[in-house]
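Asks: What follows is a structure written as structure tokens; I'll ask about it next.
The values are calculated or read from the model by the stated rules, or taken from the named source; none is laboratory data. None of these values were measured; they are calculated from a predicted model. Please note: Cβ atoms are built from the backbone with ideal geometry, for glycine as well, and neighbour counts cover all protein chains shown.
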Amino acid sequence: MHANLGWAPDIANSKDIIYIFNVGDAPYVLRLVDDKHYLFIGECYIYGIMYGEVMNQGLVEQKFKISNKLHLGIGTKRLSRYE
């Protein structure tokens, strides 16, 4: 595990996961809600991974099904992982 300087939304915590999507301008913070659902926390800035620096470092690819249903009542999107 590497430690990089960065920032994330105030509601992010140390158990959240940083994801880099093939589309998008920034890494994103997701929180695992259950075995197949994630809560979208928001964008983040992590020094050293903002401009594609990690794309050739053996990242694990996952597919997500994105839903705009607001199940958790805090105004963020819930993402479903499917395999």
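Asks: Please work out which residue is modelled with the lowest pLDDT, limiting yourself to segment 1-22 and to residues that are exposed (fewer than 11 other Cβ atoms within 10 Å of the Cβ) and among the polar types (S, T, N, Q).
Replies: Among them, the one singled out is 22.
This table checks each residue for (1) charged (D, E, K, R); (2) over 14 Å from residue 64 (Cβ atoms); (3) in a loop (DSSP other than H, G, I, E, B).
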residue: 11; (1), (2), (3): no, yes, yes
residue: 15; (1), (2), (3): yes, yes, yes
residue: 21; (1), (2), (3): no, no, yes
residue: 24; (1), (2), (3): no, no, yes
residue: 31; (1), (2), (3): yes, no, no
residue: 40; (1), (2), (3): no, no, no
residue: 49; (1), (2), (3): no, yes, yes
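Asks: Oh, and also: May I ask you to list pairs of residues, at least six apart or on different chains, whose Cβ atoms are under 6 Å apart, with the first in segment 36-51 being free of Cβ contacts under 8 Å to residues at least 40 places away in the same chain and the second being among the basic types (Lys, Arg) and not in a loop (DSSP other than H, G, I, E, B)?
Replies: Final answer for the pair search is 41/31.
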